[in-house]
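Data first, discussion second: the structure below is written as structure tokens.
The values are calculated or read from the model by the stated rules, or taken from the named source; none is laboratory data. Computed from a prediction, not measured in an experiment: that's the story for all the values here. Quick reminder, even Gly has a Cβ in these numbers, built from the backbone with ideal geometry, and neighbours come from all protein chains shown. Please note that ligands, DNA and RNA were not included when accessible areas were found on the heavy atoms of the full protein model with its side chains. Shrake-Rupley method; radii C 1.70, N 1.55, O 1.52, S 1.80 Å.
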Amino acid sequence: MSLINELIQSKYLKSPEIIDAFRKIKREDFLLDQDEGMAEVNVPLSIGHGQTISQPLTVAFMLELLRPEKGDKILDIGSGSGWTVALLAQIIGKKGKIYGVERIEELKKFAENNILKYNFINKGIVEIIHGDGYKGLPGYAPFDKIIIAAAAEEIPTALLKQLKVGGRLVIPVGRQYETQDIVAVDKIGKDEFKEKRYPGFVFVPLVKSHNA
Ligand code: SAH
């Protein structure tokens, strides 16, 4: 069975729009050349610089929690290979906008090159920015949704500020070398949040800025 059908059968993939994006945006386009043929394997894979493209099961789970919609403005911190950015761009469509932030310059270029295969950058749907995402992207806030595929020891307050009321943040929280919780946070009022935790995941760390 194909990996996508397995993810549907195991209920990690549920929404028609997210399933459609998984079918159209090929993971193989976001891997290093040496890993050609590994796209269908449900494991994280190295993208160099000590970083990984996440496991498909984890990406499916996080996108289902994020509930992206057409026209959303989204922030993806730690864009890595660009796979998640491209999946989200496919879902939000041409009225949407997604900003990816990546602290490793070579990976910013890697993501842009990978995403170029899908025309999202020239249509103005995707922009990848080289920088520290721990503080979010204040100049472009507020966002409907924020997603992060790197674990923070605690939820950075800047990100909660940069969410719209009614918006949602999905972030792994926990220590390095332990398993982490994926946390979904709804902003229900200016300073009011509701969160739900899903334990048992493993991510690379979100590098914390010295002055955050
Ligand atoms: N979603 C990505 C996987 C990212 S792995 C994909 O689909 O491929 C996590 C990424 O977060 C790495 O590329 C790492 O360099 C980046 N990262 C870690 N801390 C960061 C920070 N403070 N700001 C921006 N990027 C960060």
Practice problem: From (1) open to solvent by 80 Å² or more (accessible area, probe 1.4 Å); (2) over 18 Å from the mean Cα position of the chain (by Cα), pick out the condition that doesn't hold for G139. | Solution: (1)
Exercise. Just give me the residues in the stretch 184-212 being within 16 Å of the ligand (Cβ to nearest atom) and β-branched (V, I, T), in sequence order.
Key: V202, V204, V207
Quiz item: Pick from the stretch 1-15 the residues that are open to solvent by 20 Å² or more (accessible area, probe 1.4 Å), aliphatic (A, V, I, L, M) and part of a helix (DSSP H, G or I): which of them is farthest from the ligand (Cβ to nearest atom)?
Solution: I8
Quiz item: In this structure, does I121 turn out to be crowded, with 21+ Cβ neighbours inside 10 Å, more than 10 Å from the ligand (Cβ to nearest atom), hydrophobic (A, V, I, L, M, F, W, C) and at pLDDT 95 or above?
Solution: no
Self-check item: Answer residue from the stretch 104-113, given it is surrounded by fewer than 22 Cβ atoms within 10 Å (Cβ to Cβ) and of a type outside the set (A, V, I, L, M) and is farthest from F30 (Cα to Cα) among those
Solution: E105
Quiz item: Can you tell me how many residues in the stretch 184-212 are within 21 Å of D132 (Cα to Cα) and open to solvent by less than 40 Å² (accessible area, probe 1.4 Å)?
Solution: 4
Practice problem: For the stretch 181-195, indicate whether the set of residues that are over 16 Å from the mean Cα position of the chain (by Cα) and either at positive phi or polar (S, T, N, Q) (or both) is non-empty. | Solution: no
Exercise. State whether the residues of the stretch 16-32 include one that is in a loop (DSSP other than H, G, I, E, B), in contact with an Asp or Glu (Cβ under 8 Å, 6 or more places away or on another chain) and at pLDDT 95 or above.
Key: no
